[in-house]
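Read the structure below first, then the notes.
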Amino acid sequence: MLWNVKKDPATLEEERYNYINWVNDVLDSHMGLCINEFRLCFELRNSHGSFITHWIFTALAKKVQKLELNLHPVGGGFWPPLELYAFPPECLKLFRSPRTLSNIKSLRSLCLDAVNVSGEVLEFFIYSCPLLARLRVVFSLDLLSLKVVGSSVKLKYLDICYCYFMEEVEISAPSVRSFKYYGPEIKLRMENVPQLLDISIGGGYGVRMKHAISPIMSYFHQLETLELGFVLNAVSILNLKCFRVVNNFLCFCLILLLFLRKICNSHNVSCLN
């Protein structure tokens, strides 16, 4: 269906309601008490919010373990879209009711793509779902800050991408094994992460690598994977007067080593042959 819409965008509105009716029919016919995985994948907007919210509550009421909302525009389109579905903050009152709270404790994975969701809502899931191990948020304009703090937190994988107004992330949880972030420059605070093995951090042009790397340097010795994806001018960053490249791999190694050395302020690089 998505492929057909991409080929003929004029059919999008009609296919939206076909999709909505299809999901409603599937959920109405589902007789099981539990749902292992519930995944929505279609370009829906905030105008369809009543349907989406109903689906979310239905899935949570059936003790869903893996919940994914992928409402990304078909074929990319204008970004960011102006009518992203907004996860209703008022839902928190219902989530906190004893009956609903017991149901959401089955949640193990939460992935939200092109969904406006606040840090308050995400933190509720993090601290209220003892089995929640994976959290992924992509393209949320309402996400400004996020705290993953506490020895009782079980989150292992945290992935935040393209949240354009993100300002701060704080992580202090022994369970965290992987942290991935791509987006604007943020205030990153990280401590008490003895199991952290994988880090991937990147940003667009103008995002300072030093700002992102400084908070994680003390954990380099325990990492298995480190990915850095920044748009930058390495020569200007390193203040090199002479820079010669033997091959691409050596270039990467030298840039990384010299940059880390610069952060540590242990040496000044004046020439590289």
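General remarks:
- Heavy-atom accessible area order for Arg16, Arg136, Arg108, largest first, 1.4 Å probe: Arg108, Arg136, Arg16
- By accessible area with a 1.4 Å probe, ligands and nucleic acids excluded, highest first: order of Met217, Met190, Met31: Met31, Met217, Met190
- With 24 Å as the limit on Cα-Cα distance, the pairs of Lys6/Lys62; Lys66/Lys154; Lys62/Lys154; Lys63/Lys187 that go past it are Lys6/Lys62; Lys63/Lys187.
- With coordinates expressed along the principal axes, the C-alpha atoms belonging to the stretch 18-202 extend over 46, 39, 27 Å, beginning with the largest.
- The alpha carbons of the stretch 165-205 give a radius of gyration and a Dmax of 10.8, 32 Å, in that order.
- With the whole protein complex present, Glu167 retains an accessible surface near 120 Å², based on a 1.4 Å probe.
- His221 versus Glu68: modelled label distance in nm, points set 7 Å from Cα along the beta carbon direction: 3.8
- Whole-Hz ³J(HN,Hα) from phi, Karplus 6.51 cos²θ - 1.76 cosθ + 1.60, for the stretch 173-187, glycine and proline x: 8, x, 7, 5, 10, 9, 9, 10, 9, 9, x, x, 5, 10, 8
- Solvent exposure of the stretch 18-202 amounts to 46 Å² per residue of accessible area, where only protein heavy atoms count and the probe is 1.4 Å.
- Accessible heavy-atom area order of Leu71, Leu2, Leu94, highest first, probe of 1.4 Å: Leu94, Leu2, Leu71
- The aspartates and glutamates within cross-link reach of Lys180, meaning a Cα-to-Cα straight distance under 16 Å and a gap of 8 or more places when in the same chain, are Asp113, Asp159, Glu167, Glu168, Glu170, Glu191, Asp198, Glu224, Glu227.
- Normalised contact order of the stretch 1-141, rounded percent, pairs of Cα under 8 Å and 6 or more residues apart: 22
- Applying the Karplus relation 6.51 cos²θ - 1.76 cosθ + 1.60 with θ = phi - 60° to the stretch 125-138 yields 3J(HN,Hα) values of 5, 4, 8, 9, 10, x, 9, 5, 10, 10, 9, 10, 10, 10 Hz, where x marks Gly and Pro.
- Accessible carbon and sulfur surface of the stretch 18-202 relative to its total accessible area, %, 1.4 Å: 53
The values are calculated or read from the model by the stated rules, or taken from the named source; none is laboratory data. Here the structure is a predicted model, which is why all the values come from computation and not from measurement. Cβ sites come from the backbone with ideal geometry, for glycine too, and all protein chains shown count toward neighbours. Side chains included, ligands, DNA and RNA excluded: accessible areas come from the protein's heavy atoms. Shrake-Rupley method; radii C 1.70, N 1.55, O 1.52, S 1.80 Å.
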